[in-house]
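Visitor: Have a look at the structure that comes next, please.
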Amino acid sequence: MKKLGFIGGGNMAEALAHGLIQHKLFKPTDIIVSDVAVERRRKLARTLKVATTDDNGEVIREANAIVLAVKPQTIDAVMTEIAAELAAPRRKSARSGKLFISIAAGITLARLSRGLGKRARVIRVMPNAPAMVGHGMAAMVRARSASVADETLALRIFRAVGDAVSLKDEKLLDVVTALSGSGPAYVYLFAKAMADAAVSEGIPRELAIRMALKTIRGAEHLMRESKRDAADLIRAVASPGGTTEAALRRFAEHGFSDIVAAALHAASDRSRELGRGSN
C-alpha cells in the first residue's frame, strides 16, 4: 500500500512530492497522485517517478494519508467522491479511517469534517507559494479527529519544502493567510517599487531588479542569522543624518507602517469572509 496520496497534481503537490523524495522522507514508490489533466500526470510520472492516476478513488484505496491539493471551488465535488469511497462496505481499510490534509484555501475544518465523514482524520494547512522553491512557510490546525502523530506527519511533509508550525486556534489561519500566504506578493510589490525608483534614477531595469532582490535576500539572511530584532538592525543601518535616515523619514511621513498594517488587516478580513462563505 502507498503511504501518501495526493488528490490534485498541481504545482504545490509537485513541490511537496519533490521535497519529500529529495529529503528521503518518502520513496517515489510510496506516493500516488491523481489529476484530471493527462499532461500533469505524465509530467509527474516522468520527473518524480511516482504513480499517477485519473481516479481519486484509487488514491483513497492505496494511501493511508491523503493531501487534498484541489481548488476551493472543486472541494465539495471531491469530498462527495471521497465520502462515497470511504463508505463503500467492501473497503475495510477505509472503514478504519484515513488522514486528510487539506490545503484548499478558506475551507474550514468543520466543512472538511462534514464532507469527509466522522471517521476521517482532518488537518487544515495554509502553505505559501515559496514552497515551490523549497522556502515555504506553512501553518496548520488539526481537527479533534486527528492525532498528535497525524500532526507530526503533516509537519514533516511541509517542512520538506520550508518551515511549518502548528496552531491551536483555527481562527489564526486568517491572519496566517494575510501574513505568510499573501505575504510574498507584498515583498514582490516592495521589490518592484524599489527597482522602479532606481530605474527612474538611471539604473538599468535588469540591474535594478537584481540589486533589489539581492538586498532583500541579504537583509533576510542577516536578520535571521544575527537574531537581532528589527528595530536594532534598522538603527545599525541608519546613521544619524545619513541617507537611510532620510529614506526612513519619508516612509514615516507617508505612513508606511500604517499602510502595511491596513493591508494585512484587509487580507485577514477577506479570509474571514471567505471562510464564512464556505460554511
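The values are calculated or read from the model by the stated rules, or taken from the named source; none is laboratory data. Since the model is a prediction, treat every value here as computed from it, not as a measurement. All Cβ positions, even for glycine, are placed from backbone atoms using ideal geometry, and neighbour counts span all protein chains on display. Note: areas computed on protein heavy atoms with side chains; ligands, DNA, RNA excluded. Shrake-Rupley method; radii C 1.70, N 1.55, O 1.52, S 1.80 Å.
Visitor: Leaving ligands and nucleic acids out of the surface, order Lys98, Lys171 by accessible area at 1.4 Å, largest first. Before the final figure, lay out each step's value.
Guide: Numbers: Lys98 5, Lys171 155 Å².
Highest to lowest solvent-accessible surface, that is Lys171, Lys98.
Visitor: Write down the percent of antiparallel bridges among all DSSP beta bridges whose residues are both part of the stretch 25-149, to the nearest 5.
Guide: Once the DSSP bridges in the stretch 25-149 are tallied, antiparallel ones form about 25 percent.
Visitor: Sticking with this one: Compute the semi-axes of the equivalent ellipsoid of the stretch 99-254, taking the square root of 5 times each eigenvalue of the Cα gyration tensor, and list them largest first in whole Å.
Guide: 40, 16, 14
Visitor: What is the angle, in °, between the Cα long axis of helix 256-277 and the longest principal axis of the Cα atoms in the chain? Nearest 10 is fine, range 0 to 90.
Guide: So the helix axis and the longest Cα principal axis differ by about 20 degrees.
Visitor: Ok, one more. Per residue, how much accessible area does the stretch 120-244 have with a 1.4 Å probe, in Å²?
Guide: Working: 7670 Å² over 125 residues.
That works out to 61 Å² for each residue.
Visitor: Helix 75-87 versus the longest principal axis of the chain: what angle, 0 to 90°, nearest 10, using Cα atoms?
Guide: Helix 75-87 sits at roughly 30 degrees to that axis.
Visitor: Now, a different point. Once you put a point 7 Å from the Cα of Arg46 and another 7 Å from the Cα of Asp76, both along the Cβ direction, what distance in nm separates them?
Guide: It works out to 3.7 nm between the two label points.
Visitor: Based on the Kirkwood radius over alpha-carbon pairs, what is the Stokes-Einstein translational diffusion coefficient of the stretch 173-279 at 25 °C with 0.890 mPa s viscosity, in µm²/s?
Guide: Calculated translational D: 153 µm²/s.
Visitor: Cα convex hull of the chain: how many Å³ per residue?
Guide: Enclosed volume per residue, from the Cα hull, is 152 Å³.
Visitor: Next up: Would you please calculate the Kirkwood hydrodynamic radius of the stretch 1-129 over all C-alpha pairs and express it in Å, rounded to one decimal? Each step should come with its number before you reach the end.
Guide: Working: mean 1/r = 0.0689 Å⁻¹.
About 14.5 Å, per the Kirkwood formula over Cα pairs.
Visitor: Let me ask something additional. What is the spin-label model distance, in nm, from Leu207 to Phe251 if the labels are put 7 Å beyond Cα along the C-beta direction?
Guide: My value for the distance between the label points is 2.5 nm.
Visitor: Go through the stretch 29-39 residue by residue and turn each phi into a ³J(HN,Hα) via Karplus (6.51, -1.76, 1.60, θ = phi - 60°); whole Hz please, and just put x for glycine and proline.
Guide: For the stretch 29-39, the Karplus-derived couplings read 6, 8, 10, 10, 10, 10, 7, 6, 8, 4, 5 Hz, x marking Gly and Pro.
Visitor: Using the Karplus curve 6.51 cos²θ - 1.76 cosθ + 1.60 with θ = phi - 60°, work out ³J(HN,Hα) for each residue of the stretch 147-161 in order, rounded to whole Hz, and write x for Gly and Pro.
Guide: Whole-Hz 3J(HN,Hα) from phi for the stretch 147-161: 9, 4, 5, 4, 4, 4, 5, 4, 4, 4, 4, 7, 6, 6, 10.
Visitor: Quick one: give the max-minus-min coordinate of the C-alpha atoms of the stretch 107-147 along each principal axis, largest first, in Å.
Guide: 35, 19, 11
Visitor: Go through 119-132, 256-269, 218-231, 153-166 and give me the packing order, highest mean Cβ count within 10 Å leading. Display every interim value, and only then the final one.
Guide: Numbers: 119-132: 22.4, 256-269: 13.1, 218-231: 10.3, 153-166: 19.6.
Per-residue Cβ counts within 10 Å, averaged per peptide and sorted highest first, yield 119-132, 153-166, 256-269, 218-231.
Visitor: In terms of modelled amide H atoms, which long-range or inter-chain residues lie less than 5 Å from the amide H of Met137?
Guide: Under 5 Å from the amide H of Met137 lie the amide H atoms of Asn128, Ala131, Asp163, each far enough along the sequence or on another chain.
Visitor: Could you work out how far helix 11-22 tilts from the main Cα principal axis of the chain, as a 0 to 90 degree angle to the nearest 10?
Guide: That helix lies at roughly 80 degrees to the long axis.
Visitor: Lysine pairs, Cα distance under 28 Å, 8 or more residues apart or cross-chain: how many in the stretch 131-279?
Guide: Numbers: Lys168/Lys227; Lys192/Lys214; Lys192/Lys227; Lys214/Lys227.
Qualifying lysine pairs in the stretch 131-279: 4.
Visitor: OK, next. In straight Cα distance, which aspartates and glutamates are under 12 Å from Lys98, not counting same-chain residues fewer than 8 positions off?
Guide: Qualifying aspartates and glutamates at Cα under 12 Å: Glu62, Glu85, Asp150.
Visitor: Here is a further query. I'd like the FRET efficiency for Val165 and Leu222, computed as 1/(1 + (r/R0)^6) with the beta carbon distance as r and R0 of 30 Å, rounded to 0.05.
Guide: 0.85
Visitor: Once fully extended, how much extra length lies between Ala236 and Val148, figured as 0.36 nm per residue of separation less the alpha-carbon to alpha-carbon distance? Could you put the intermediate results ahead of the total?
Guide: Details: separation 88, 0.36 × 88 = 31.68 nm, distance 4.27 nm.
Stretched fully, the Ala236-Val148 segment lengthens by 27.4 nm.
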